[in-house]
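In what follows, a structure is listed as structure tokens, so that the remarks can point back to it.
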Amino acid sequence: MKEEAVIPHLFRMEYRKIVAVLSKRFGFEQIEIAEDITSDTFLTATQTWGMNGLPENPVAWLYNVAKNKAKNHLQRNAVFENKIAPELKYREFISLDPDIDLSPKNINDSQLQMMFAICHPSISSEAQIGLSLRILCGFGIEEIADAFLTNKETINKRLFRAKEKLRAEKIDIELPATTQMDSRLEAVLATIYLLFNEGYYSVSQNKTIRKELCFEAMRLCKMLVENETTNNPSANALLSLMCFHASRFEARFNKNGETVLYDEQDTGLWNPEMISQGGYYLNRSANGDKISKYHLEAGIAYWSTQKPDTKEKWENVLQLYNRLLQIQYSPIAALNRTYALSKANSKEEAILEAEKLNLIENPFYFGLLGELWLDIDNKKSIENFKKALVLTKTETGRLTIQAKLAKISEGNFIS
Amino acid sequence: MEEFVLLFRLDILTKEKQPSPELLQVYMKQYQDWIGGIAAQNKFVGGKGLSTEGRVLKYNNVITDGPFAEIKESIAGYTIIRALDFDDAVKMASGCPILNGEGNSVEVRRVQNPK
């Protein structure tokens, strides 16, 4: 790797580890100092390596510098705390042994604990995702702004406020007690899933960033399933679901970065390794008696990796959606369920059910009706597709519907 | 929107009236397709099936096995839905597949909110 490529690479890989360890050591109230010391370490590296060339072991070098900077900070602090401010007594005695433990185990533990601190229900999910990207994934502020289609100031403010709030709530960087594990883990999984969706469905055209968001979400989830205390069925189901989805990542975009719809995807670009990983985690998720929404969504995602239009596929998808909707309603799940109903039962039944949904502001609602009426009553099909066309907000959406409309009128002309 | 409880009553005890495993699977699909349709309208609140065992407690410390005054009208389960009014609730309930069986019934009751 070239020198100029090494530092950004190391930054991405190592920033989050050092920050997690230092924050854990200093406590959440000093998280900004931990971030500053870490950034400062990379600055020192850039300057020194620029002049002297790369050290033999850059990671060890970074850890050493970070350790020294952290020790200096702790020592300065200790002098203040123990000699200057003893009468104030507002803080407990700070040890003069400022050991900084950058062993793989402590790095891993600190990152996991940090995950629970950041995904705390006291801050908004938007703030949780922002902080996760910054602190758990080592994203730059500009990259985060790009992912959210906003500017750096907004992100800086959002992160600042979130950290303030976590400090005010006196959130500790530690794993929750066993009795609280499941409910706190649920919050962590929710954030990871949002992070993944941010990448998978984002409006941002930046494919590299979108992909990285997805892979970071998967990496965080993997840390959870690889740790004994956090490895539960829901976490495995979520990881399975993300693997199945991510298997289509390459097929979902054409050369110009535009979205390619499922039906038009080149299945040769689907990643078989990712699909089998998904199967592996889906198996692992099948113990315990609780079926989470991730289990059901992973099941649906599994069937999406099976292209052939079989009765079995659609019957399974329909039943999974039936159950998913009973756990958590969403308009998109309602529409997908109705589509599966048309495939598993009949178009006529699905039309009756679709009309009950009455999602008249949703372009996909009319798209679905257009699809269902097709070949039953093409006039109604066209009417609905035209309504969808008016409502759709994306260029891809418009192009898809226009192509459908053209195809229908072509068919009418022939007959 | 108001909440309504649907009580499903049918004979779940008489042996010869119970469906074969294959038929049961068909019934389950019908039931799930019906409930899924309600949930797709964001009108499903909750619900459970009930097992066949039960105890009935009565005045004067009387406890009896089997909860059923009338075997044909055992409560097999309940579902809570959201509906605009009684008519809306009844319309949704009318799709319940147990109504394909003679003698079965669905009772629709409005949940009373404390004023």
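The values are calculated or read from the model by the stated rules, or taken from the named source; none is laboratory data. Just so we're clear, the structure is a prediction, and the values are computed from it rather than from any experiment. Every residue, glycine among them, receives a Cβ derived from its backbone with ideal geometry; neighbour counts consider all protein chains shown.
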Exactly one of B:Phe4, B:Phe8 is in a strand (DSSP E or B), under 30 Å from A:Tyr365 (Cα atoms) and away from chain A (no Cβ under 14 Å), and that residue is B:Phe4
Residue hits (the range A:344-367; at the interface with another protein chain (Cβ under 10 Å from one of its Cβ atoms), surrounded by fewer than 19 Cβ atoms within 10 Å (Cβ to Cβ) and assigned to a helix (DSSP H, G or I)) are A:Glu349, A:Leu352, A:Lys356
(1) within 13 Å of chain B (Cβ to nearest Cβ); (2) buried (at least 23 other Cβ atoms within 10 Å of the Cβ) all hold for A:Leu372 apart from (1)
Exercise. Would you check if there is a residue in the range A:158-168 being touching a residue at least 40 places away in the same chain (Cβ under 8 Å), part of a helix (DSSP H, G or I), within 15 Å of the chain's Cα centre (by Cα) and crowded, with 16+ Cβ neighbours inside 10 Å?
Key: no
Does A:Ser381 satisfy the criteria of being in contact with a helix residue (DSSP H, G or I) (Cβ under 7 Å, 6 or more places away or on another chain), in a helix (DSSP H, G or I) and not aromatic (Phe, Trp, Tyr)? yes
Does at least one position in the range B:61-79 carry a residue that is within 11 Å of chain A (Cβ to nearest Cβ), surrounded by 14 or more Cβ atoms within 10 Å (Cβ to Cβ), within 16 Å of the chain's Cα centre (by Cα) and of a type in the set (Ser, Thr, Tyr)?
yes
Conditions (1) at pLDDT 95 or above; (2) at the interface with chain A (Cβ under 10 Å from one of its Cβ atoms); (3) surrounded by 12 or more Cβ atoms within 10 Å (Cβ to Cβ); (4) in contact with a strand residue (DSSP E or B) (Cβ under 7 Å, 6 or more places away or on another chain) -> B:Gly46 fails only (3)
- Message: Taking the criterion of being farther than 28 Å from A:Glu174 by Cβ and surrounded by fewer than 15 Cβ atoms within 10 Å (Cβ to Cβ), would at least one residue in the range A:57-68 satisfy it?
- Response: yes
Those strands (runs of 3 or more DSSP E) completely within the range B:13-114 that have 2 or more residues that are among the aliphatic types (A, V, I, L, M) and out of contact with any Cys (no Cβ under 9 Å at 6 or more places or on another chain) are B:55-58, B:62-65, B:75-83
Cβ pairs under 9 Å, 6+ apart or interchain, first in the range B:15-40 and more than 9 Å from chain A (Cβ to nearest Cβ), second acidic (Asp, Glu), ordered by first then second residue, are B:Lys17/B:Asp11; B:Gln18/B:Asp11
Of those in the range A:306-333 that are away from chain B (no Cβ under 14 Å) and at pLDDT below 95, the residue farthest from A:Leu194 (Cα to Cα) is A:Thr310
Of the listed residues (A:Arg219, A:Arg210), the one being within 23 Å of A:Asn287 (Cα to Cα), among the basic types (Lys, Arg), over 9 Å from the mean Cα position of the chain (by Cα) and not assigned by TED's automatic domain parsing to the domain that holds A:Arg12 is A:Arg219
The condition of being surrounded by 21 or more Cβ atoms within 10 Å (Cβ to Cβ) and either closer than 17 Å to B:Gln32 by Cα or more than 14 Å from every other protein chain (Cβ to nearest Cβ) (or both) holds, among A:Leu399, A:Leu341, only for A:Leu341
Scanning for something under 32 Å from the mean Cα position of the chain (by Cα) and either within 14 Å of another protein chain (Cβ to nearest Cβ) or among the charged types (D, E, K, R) (or both), does the range A:406-413 turn up at least one residue? no
Checked A:Leu133, A:Leu166, A:Leu149 against criteria (under 21 Å from A:Thr208 (Cα atoms), in contact with a Phe, Trp or Tyr (Cβ under 8 Å, 6 or more places away or on another chain) and not β-branched (Val, Ile, Thr)); the one match is A:Leu133
Expected output for the range A:17-38 (first residue hydroxyl-bearing (Ser, Thr, Tyr), partner not in a helix (DSSP H, G or I), Cβ below 8 Å, 6+ apart or cross-chain) is A:Ser23/A:Ile173
Note on the range A:390-401: residues in contact with a helix residue (DSSP H, G or I) (Cβ under 6 Å, 6 or more places away or on another chain) and over 16 Å from A:Leu261 (Cβ atoms) are A:Leu391
